[in-house]
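Here the structure is laid out as structure tokens; the discussion comes afterwards.
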Amino acid sequence: MIENLTLGTAPDSWGVWFARDDHQVGWKQYLDEIGQAGYRYTELGPTGFLPQDPEQLRDELDSRGLTLCGGTIFAGLHRAAALDDAVAACVKEAQLLTALGAKHLVLLPEQYTDMHGGKLLESADIDPDQWRNLTTGYNQLGKILTEEHGVELVFHPHADTHVDTQTRVERFLLDTDPAYVNLCLDTGHISYCDGDNIAIVKRFPERIRYVHLKQVDPEVRRRVHEENLSLAEAVPLGVMCEPPYGVPEMPPLLDALAALPVDLFTVVEQDLYPVESHIPLPVAARTAGYLRGCGLGPVRRWPYTT
């Protein structure tokens, strides 16, 4: 067993991209099936998907033997005017996390393509002022979360956003304050954007504080390149595939993460939206089985170190 890596999952692995949507499972099915698939730790998913009342959520998790490990928020901080709304949303999320003993808030930049159909919503390029807004905004947000709420901001690079490629990810890390902003390494999004996950781990070992595990199907990714498809168009084609059938190769990646002197949640996020309700459970179970075979398991000990 890899002692510093703890396996978890997220609603995304059950096709959940939105608080409510006819093309994804409901929250009760999701919680019921996590344990059946072999997981004990879960993220909150989109705000409003799981119950927002701390007592109700605690009861629902406890009754299934589950523990909360983190939450996720999208924020368009390249627009300076978006900071106040992002602070309000993150403070609310942080309060729910801390009430249930979790301390990681995963922040994702807003997509410049529509999450439903893939329509281009704004330029894929980012100018120097927008980049400055982005990095200073995350520093300010991280400072508030860390100092006022005891929650750690971990930034999640994402396809179809302004922090997608390895070059942009590394620039983001160099331009942000490690006291307040660190990295949620999403192995699928890095590979989707032709990056090298292990190179990022080796160059910025002190910034890796949380991980999302997923793989990319190289053949589908090639089609995405050739046809210039959006992420919303690529996911239904199966671009994010279950291991061990994609990239990055998991054993060497897990070895690199295991060598870090920090405890890490390694949370499976498989991107299945849209999906029929019977599909996620067997996929999640096979994925959990494979990762357990690689040495991952629910070994988190409380209180844990970061």
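The values are calculated or read from the model by the stated rules, or taken from the named source; none is laboratory data. What you are looking at is a predicted structure, and each value in this text was computed from that prediction instead of being measured. No Cβ is skipped: glycine too gets one built from the backbone with ideal geometry, and neighbour counts run over all protein chains shown.
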### Query
Which residues, taken from region 221-263, are within 18 Å of Gly293 (Cα to Cα) and among the hydroxyl-bearing types (Ser, Thr, Tyr)?
Tyr245
### Query
Restricting attention to region 203-216, which residues are surrounded by fewer than 22 Cβ atoms within 10 Å (Cβ to Cβ) and either without any contact (Cβ under 8 Å) to a residue 12 or more places away in the chain or assigned to a loop (DSSP other than H, G, I, E, B) (or both)?
Phe204
### Residue that is nearest to Pro109 (Cα to Cα), among those in region 62-79 that are without any contact (Cβ under 8 Å) to a residue 40 or more places away in the chain and more than 11 Å from the chain's Cα centre (by Cα)
Gly76
### Task
Quick one: count up the residues across region 185-199 that are farther than 18 Å from Leu107 by Cα and in contact with a Pro (Cβ under 9 Å, 6 or more places away or on another chain).
6
### Query
Can you tell me which residues in region 170-199 are charged (D, E, K, R) and buried (at least 21 other Cβ atoms within 10 Å of the Cβ)?
Asp186
### Summary
Subset of region 1-22, residues among the charged types (D, E, K, R) and modelled with pLDDT of 95 or more, comes to Asp12, Arg20, Asp21
### Query
Which residue, of Asp164, Asp160, is touching a Cys at 6+ places or on another chain (Cβ under 9 Å) and within 29 Å of Asp196 (Cα to Cα)?
Asp164
### Query
Of the residues Tyr290, Tyr245, which is modelled with pLDDT of 95 or more, touching a Pro at 6+ places or on another chain (Cβ under 6 Å) and within 28 Å of Asp32 (Cβ to Cβ)?
Tyr290
### Restricting region 219-247 to residues that are out of contact with any helix residue (DSSP H, G or I) (no Cβ under 9 Å at 6 or more places or on another chain) and in a helix (DSSP H, G or I), the residue that is surrounded by the most Cβ atoms within 10 Å (Cβ to Cβ)
Val235
## Note on the structure
Only one of (1) at pLDDT 95 or above; (2) part of a loop (DSSP other than H, G, I, E, B) does not apply to Tyr304, and that is (1)
### Message
If I ask for residues that are assigned to a loop (DSSP other than H, G, I, E, B) and farther than 22 Å from Ala232 by Cβ, which ones from region 1-42 would you list?
### Response
Met1, Ile2, Glu3, Asn4, Gly38, Tyr39, Arg40
#### Entry: Scope region 226-258; condition polar (S, T, N, Q) and touching a strand residue (DSSP E or B) at 6+ places or on another chain (Cβ under 6 Å); matching residues
Ser230
### Task
Could you run through region 41-96 and say how many residues are small (Gly, Ala, Ser) and either in contact with a strand residue (DSSP E or B) (Cβ under 9 Å, 6 or more places away or on another chain) or buried (at least 16 other Cβ atoms within 10 Å of the Cβ) (or both)?
9
### Task
Just give me the residues in region 248-287 being under 21 Å from Asp32 (Cα atoms) and surrounded by fewer than 22 Cβ atoms within 10 Å (Cβ to Cβ), in sequence order.
Tyr273, Pro274, Val275, Glu276, Ser277, His278, Ile279, Leu281, Pro282, Val283, Ala285, Arg286
